[in-house]
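The values are calculated or read from the model by the stated rules, or taken from the named source; none is laboratory data. This is a predicted model, so every value here is computed, not measured. Heads up, the Cβs are rebuilt from the backbone with ideal geometry, glycines too, and the neighbour counts pull from every protein chain shown.
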Amino acid sequence: MDKINIYFLDNSELAEYKAINKGYRVDVYIKINDRIYNVRVYTIIRLQQDFESEMENYGFYAAEPNLILVKDSNRKEIIDTVKKLYEQKYFEGIKFIEYIDINQLVKIL
């Protein structure tokens with residue numbers, strides 16, 4: 001069985017507050033066995049705001065790599081969503097990162 005861990009660069013209450021208010025979080029790392037994935041976690045409202053802004057300013061929108069949509073960008077929702085995506089083998093189809101110093105991250109699961 002695979003071992004899965006979830007990390008944030010910053011697991012403080014302030015970081016949680018900012019993520020909830022901004023509707024996104026880009027400092028989420030998932031470690032499955034020896035592979036580490038950096039995922040971009042967005043709410044649909046924030047994604048729509050970014051889409052509309054970029055369409056207006058640039059005429060196109062390019063989605064973030066390894067994008068995950070959540071109902072809310074709080075810690076619990078991110079953990080629950082990652083677990084469900086893991087069960088659906090989502091991480092087998094996305095790009096993992098070559099290297100990151102895991103000691104710089106804060107383990108949350």
Q.
Can you find, within region 10-64, the residue that is farthest from Arg75 (Cα to Cα) among those that are out of contact with any Asp or Glu (no Cβ under 8 Å at 6 or more places or on another chain) and basic (Lys, Arg)?
A. Arg35
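Would you confirm whether or not region 89-103 contains a residue that is basic (Lys, Arg), in contact with a Phe, Trp or Tyr (Cβ under 9 Å, 6 or more places away or on another chain) and either closer than 16 Å to Val26 by Cα or touching a residue at least 24 places away in the same chain (Cβ under 8 Å) (or both)?
Going through region 89-103, the residues basic (Lys, Arg) turn out to be 89, 95.
Next cut, in contact with a Phe, Trp or Tyr (Cβ under 9 Å, 6 or more places away or on another chain) only: 95.
Of the ones still in play, those that are also either closer than 16 Å to Val26 by Cα or touching a residue at least 24 places away in the same chain (Cβ under 8 Å) (or both) are 95.
There is at least one residue in region 89-103 that is basic (Lys, Arg), in contact with a Phe, Trp or Tyr (Cβ under 9 Å, 6 or more places away or on another chain) and either closer than 16 Å to Val26 by Cα or touching a residue at least 24 places away in the same chain (Cβ under 8 Å) (or both).
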Q. Within region 56-70, can one find any residue that is loosely packed, with under 13 Cβ neighbours inside 10 Å, modelled with pLDDT of 95 or more and closer than 15 Å to Val106 by Cβ?
A. no
Q.
Suppose the filter is surrounded by fewer than 16 Cβ atoms within 10 Å (Cβ to Cβ), part of a strand (DSSP E or B) and without any contact (Cβ under 8 Å) to a residue 60 or more places away in the chain; does Val39 pass it?
A. no
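Residues checked against (1) in a helix (DSSP H, G or I); (2) of a type outside the set (Ser, Thr, Tyr); (3) under 16 Å from the mean Cα position of the chain (by Cα):
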residue: Glu54; (1), (2), (3): yes, yes, no
residue: Ile68; (1), (2), (3): no, yes, yes
residue: Thr81; (1), (2), (3): yes, no, yes
residue: Tyr86; (1), (2), (3): yes, no, yes
residue: Lys95; (1), (2), (3): no, yes, yes
residue: Ile100; (1), (2), (3): no, yes, yes
(Q) Quick check on region 1-31: of everything there that is free of Cβ contacts under 8 Å to residues at least 12 places away in the same chain and not in a helix (DSSP H, G or I), which residue is nearest to Ile108 (Cα to Cα)? (A) Ser12
Q | Checking Val28 against (1) farther than 18 Å from Lys3 by Cβ; (2) touching a strand residue (DSSP E or B) at 6+ places or on another chain (Cβ under 6 Å); (3) modelled with pLDDT of 95 or more, the condition it does not meet | A | (1)
